[in-house]
Amino acid sequence: MYDARQINAPGRYAVDTRSDTVTRPDAAMRAAMAEAEVGDDVYGEDPSINHLEVRAAELLGKDTALFSPTATMSNLAAMLAHCARGEEVVTGTGYHVFAWEARGASVLGGLAMTPVPVAVDGALEAEDVARAVKPDDYHMPVTRLLSLENTHDGRAIPMDRTQAATEAARAANLATHLDGARFFNACEALGVTPATLATPFDTVQLCLSKGLGAPAGSLLVGASDVIARARRLRKMLGGGMRQAGVIAAAGLHALDHNLPALADDHARAESLAREIETIGLGTARAATNMVWADFGEAAPRVARAMAEANIALKTIGHARIVLHRDIDDDAFDLLLKTLRAA
Ligand SMILES: *Cc1c(COP(=O)(O)O)cnc(C)c1O
């Protein structure tokens, strides 16, 4: 049985490349949290949460937003808000809502989930989406929602690919949801505004605790009617929090201050991938803030060197190295030095 619990001392690793979820709130963010105005959010009285929800809706050009503790809960509430029991969600085989959320939409919500293959660039093909939609036939579930993801495995999916898939969905009367756990990484890489990336979708989930550095929190952004249904579902799922403005304040701080640094993470990923190939350690590809590396025969040497330097590295076949706010210039230099030594 997989159990990720460890007795971690803070700062256990010199550099932690496993994920951008490992960031810890910095002093400025903690100060913002300490000063947060709070109230009971189930009564709609937490000013910090209300402020964050308005801010996110404005940023994405939608009516309103809903704050949840996790991206998983936002995605689940979104799918259940769009679909009734027995209805069907079309998504990608490797997309998070299908592959990494314990199939909550099916188990807890009674939704059918139909995955279609994910193309090399991370998109779903419009033809596959169209083909997945069921005809009006009582042998089959009613197809109701297309759920996309951007970025996927770090890849920023271009607007034209997104538009082709969402147009196929609209032609079949499906609603559209975007799992944007790394929404702002996609905006940065594509050079588009949040409102532009959000335009093809009825709802967008964005996560505050990945590259943005907040300790927790996700926003579901969309039209008033669907967000109102999601608000009831959030309560049902146990996500109605009370004085959670202390967490929302971290999210507000992240939106105000931490977006520009995403470009630094992307630049470091580019230079890391180039360096791995230049020193002949293997093949590597950068995708926004991630580097996918195949160290080949050098893999055991790399693993040993990383362990000796107290650098955490996640290997799932290929190595996935994730750059984030807590990998600053010094940490990045240590990472490069360790790879060169290997
Ligand atoms: C991490 C992630 C999620 C879930 O985030 P949690 O905060 O762990 O619930 C959802 N979708 C994608 C694409 C992710 O990368």
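Before moving on, here are some points about what is shown:
- The C-alpha atoms of the chain define a longest principal axis, and helix 224-236 lies at about 70 degrees to it.
- Residues in segment 76-108 that a label on Asp225 would reach, taking backbone N under 14 Å of a point 7 Å out along Cα→Cβ: 81-84
- For segment 154-206, carbon and sulfur atoms together expose 49% of the accessible surface, with a 1.4 angstrom probe and every protein chain in place.
- Here the relative contact order of segment 1-153, from alpha carbon pairs under 8 Å that lie six or more residues apart, stands at 17 percent.
- For q = 0.07, 0.11, 0.13 Å⁻¹, Debye-computed log10 I/I(0) when each Cα of the chain counts as one equal scatterer: -0.30, -0.74, -1.02
- Distance (nanometres) between label positions extended 7 Å along Cα→Cβ at Arg242 and Thr93: 4.7 nm
- FRET efficiency, 1/(1 + (r/R0)^6) with R0 25 Å, evaluated for Arg103 and Arg304 via beta carbons: 0.10
- Dipole-positive endmost among Gly122, Trp100, Asn150 within the chain (Cβ charges, Cα centre): Trp100
- Longest exposed-site-free window of the chain, the sites being trypsin sites (Lys or Arg not before Pro) in a DSSP loop that have at most 12 other C-beta atoms within 10 Å: 86-342
- Using 0.36 nm per residue and subtracting the Cα-Cα separation, the extra length available between Asp63 and Asp333 on full extension is 92.8 nm.
- Two-site FRET efficiency, Ala34 against Asp326, from Cβ-Cβ distance with R₀ of 25 Å, rounded to 0.05: 0.80
- Taking Cα atoms only, the orientation of helix 245-257 departs from the longest principal axis of the chain by about 70 degrees.
- Surface listing: Val291, Val142, Val120 arranged by accessible area from highest to lowest gives Val120, Val142, Val291, probe 1.4 Å.
- Degrees, to the nearest 10: 47-60 long Cα axis against longest axis of the chain: 90 degrees
The values are calculated or read from the model by the stated rules, or taken from the named source; none is laboratory data. Fair warning: this is a prediction, and the values are worked out from it, not measured in the lab. All Cβ positions, glycine included, derive from the backbone under ideal geometry; neighbour counts span all protein chains shown. These accessible areas exclude ligands, DNA and RNA; they are computed on the full protein's heavy atoms, side chains included. Shrake-Rupley method; radii C 1.70, N 1.55, O 1.52, S 1.80 Å.
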